[in-house]
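The values are calculated or read from the model by the stated rules, or taken from the named source; none is laboratory data. From a predicted model like this one, the values you see are computed outputs, not experimental measurements. Because the Cβ atoms are built from the backbone with ideal geometry, glycine has one as well, and the counts that use them run over all protein chains shown.
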Amino acid sequence: MGNCCATPGFSEEKKKKKNRPNPFSIDYGGNHGSGVTDKLVVLKDPTGHNISERYDLGRELGRGEFGITYLCTELETGEKYACKSISKKKLRTSVDIEDVRREVEIMKHMPKHPNIVTLKDTYEDDTAVNIIMELCEGGELFDRIVARGHYTERAAAAVMKTIVEVVQMCHRHGVIHRDLKPENFLFANKKETAPIKAIDFGLSVFFKHGERFNEIVGSPYYMAPEVLKRNYGPEVDVWSAGVILYILLCGVPPFWAETEQGVAQAIIRSVVDFKRDPWPKVSDNAKDLVKKMLDPDSSRRLTAQQVLEHPWLQNAKKAPNVSLGETVKSRLRQFSMMNKLKRKALRVVAEHLSVEEVAGIKEAFEMMDSGKKGKIHLEELRVGLQKLGHQITDDDLQILVEAAAVDGDGTLSYGEFVAVSVHLKKMANDEHLHRAFSFFDRNKSGYIEIEELREALSDDGDANTEEVVSAIMHDVDTDKDGRISYEEFAAMMKAGTDWRKASRQYSRERFNSLSLKLMRNGSVHFANEGR
């Protein structure tokens with residue numbers, strides 16, 4: 001679900017074959033056929049019902065798939081907090097509801113810890129669930145690093161020690177985080193000495209010793225290979241922390257490719273490159289820890305306790321204090337800005353999905369649902385898609401239905417059909433990308449020029465360095481004419497270069513589909529269903 005000021009990752013909750021949630025589940029402006037009513041009860045024991053009696057909601061801090069995070073002020077004390085407000089209309093399936101409920105339960109369950117965001121209160125009324133948490137105003141981990149101007153191995157060691165201490169605390173209390181990534185760690189405040197806080201337990205899950213899970217959960221570049229194989233336990237958190245450590249030390253992720261399929265294949269191969277700059281300058285101890293955290297064999301991978309006992313972290317204050325160079329810092333800054341550009345573009349796409357488009361999808365569903373059963377079968381979908389001009393192979397159609405169907409009976413409900421339709425629509429044409437491109441092309445020249453790019457990357461008046469704008473222009477402007485054409489923009493949006501993907505839904509769609517393709521092609525052998 002996400003909390004504080006961060007955008008959540010994604011979750012394909014697939015608890016049992018007979019009760020699989022829709023991995024594409026999206027709210028597209030309505031609550032069609034979801035069965036969710038205003039009387040829905042989500043939380044077991046909220047603090048109260050009327051949040052306005054105790055808190056005043058202020059400006060928006062961030063947005064996720066399900067909710068909006070606001071700055072909120074406690075009326076009695078004047079203390080500032082973050083309030084994640086989740087609209088019940090967005091909770092389309094029982095799994096969505098359980099996600100929210102479990103997130104709150106896990107936050108209540110976790111002991112007070114200086115590096116874990118604190119839950120203050122919960123409120124639930126007929127329309128929304130409100131989660132009030134400690135406010136983290138210091139910004140994301142990477143943003144702080146690139147702003148410092150001097151980045152060293154010692155600094156990376158200090159950050160990693162904190163992250164792994166959070167992992168250890170989670171595991172000791174029977175929780176797997178499942179979505180460790182840099183954007184889920186925020187600084188408490190803007191002071192140089194501010195602690196970092198883990199702020200998102202939206203994909204976390206309780207576990208018992210020896211219990212295995214099969215849901216594809218997390219963010220693509222941080223996924224352990226056993227997640228793609230659908231058979232994993234708490235060891236996945238150590239892998240994700242290892243990916244973060246690799247990025248902290250060199251500025252790029254260890255498993256990287258131009259496409260989602262390439263990323264997954266790189267994760268499965270698990271070949272870690274220590275040749276690129278600045279690895280020759282990194283200590284052997286640091287490289288040894290990275291290797292042991294990124295061991296593809298989860299039985300050999302270090303536990304959180306063993307990571308903390310590793311010589312590199314035991315001597316974190318003695319780690320080399322020599323700058324790793326501008327290469328690392330500029331990479332981190334560049335990727336951070338690139339991610340903001342894509343985030344804005346994806347937001348434009350989402351906001352422009354019209355009521356008419358949703359209405360058209362509803363008409364198509366009713367046309368295909370010949371027996372008015374509220375569900376359509378595979379054959380009905382095949383015939384209907386052909387009438388609508390979608391040519392899709394039987395194999396791909398079967399995969400699509402299996403991926404989207406919640407209950408595993410080979411049929412699609414209305415909500416599931418909406419997701420499939422929009423997914424296919426995005427694949428079939430560039431209409432939404434054109435809208436996003438037009439948003440950035442302010443002077444309607446047919447190109448995104450450097451000033452427009454600079455303006456697009458400007459966040460609340462904070463100017464970005466010319467170096468970053470130039471670097472992004474260099475990457476996206478493939479024909480080197482000093483501007484970004486629509487074709488270059490579309491290539492950037494479709495490529496897998498944005499390794500800090502924040503869109504839970506985009507990742508859920510792409511990686512669920514990808515995992516099924518890999519299974520079909522024999523690249524990954526998935527575990528049996530169930531836990």
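For residue 409, the conditions (1) outside any helix (DSSP H, G or I); (2) farther than 25 Å from residue 93 by Cα; (3) at pLDDT below 75 all hold with the exception of (2).
Within the stretch 214-231, one or more residues are assigned to a strand (DSSP E or B) and either hydrophobic (A, V, I, L, M, F, W, C) or without any contact (Cβ under 8 Å) to a residue 60 or more places away in the chain (or both).
Consider the stretch 450-464 and keep the residues that are modelled with pLDDT under 80 and surrounded by 15 or more Cβ atoms within 10 Å (Cβ to Cβ). The one that is nearest to the chain's Cα centre (by Cα) is 457.
Yes/no per residue for (1) in contact (Cβ under 8 Å) with a residue 40 or more places away in the chain; (2) touching a helix residue (DSSP H, G or I) at 6+ places or on another chain (Cβ under 9 Å); (3) closer than 30 Å to residue 230 by Cα; (4) surrounded by fewer than 22 Cβ atoms within 10 Å (Cβ to Cβ):
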site	(1), (2), (3), (4)
144	yes, no, no, yes
162	yes, no, yes, yes
169	yes, yes, yes, yes
172	no, yes, yes, yes
203	yes, yes, yes, no
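Scanning the stretch 69-103 for residues that are of a type in the set (Val, Ile, Thr) and in contact with a Lys or Arg (Cβ under 8 Å, 6 or more places away or on another chain) gives 69, 73, 95.
The residue of the stretch 277-311 that is nearest to residue 266 (Cα to Cα), among those that are polar (S, T, N, Q) and assigned to a helix (DSSP H, G or I), is 285.
The condition (being more than 30 Å from residue 252 (Cβ to Cβ), small (Gly, Ala, Ser) and surrounded by fewer than 22 Cβ atoms within 10 Å (Cβ to Cβ)) is satisfied by just one residue among 128, 155: 128.
Of the numbered criteria (1) modelled with pLDDT of 90 or more; (2) outside any loop (DSSP other than H, G, I, E, B); (3) more than 29 Å from residue 167 (Cβ to Cβ), the one residue 89 fails is (1). When we screen 84, 112, 80 for residues that are over 24 Å from the mean Cα position of the chain (by Cα) and within 16 Å of residue 201 (Cβ to Cβ), the only hit is 112.
Taken together, 98, 13 contain a single residue that is among the acidic types (Asp, Glu), within 21 Å of residue 173 (Cβ to Cβ) and at pLDDT below 95, which is 98. Report yes if residue 242 is modelled with pLDDT of 90 or more, more than 17 Å from the chain's Cα centre (by Cα) and surrounded by 24 or more Cβ atoms within 10 Å (Cβ to Cβ), otherwise no. It is true that residue 242 is modelled with pLDDT of 90 or more, more than 17 Å from the chain's Cα centre (by Cα) and surrounded by 24 or more Cβ atoms within 10 Å (Cβ to Cβ).
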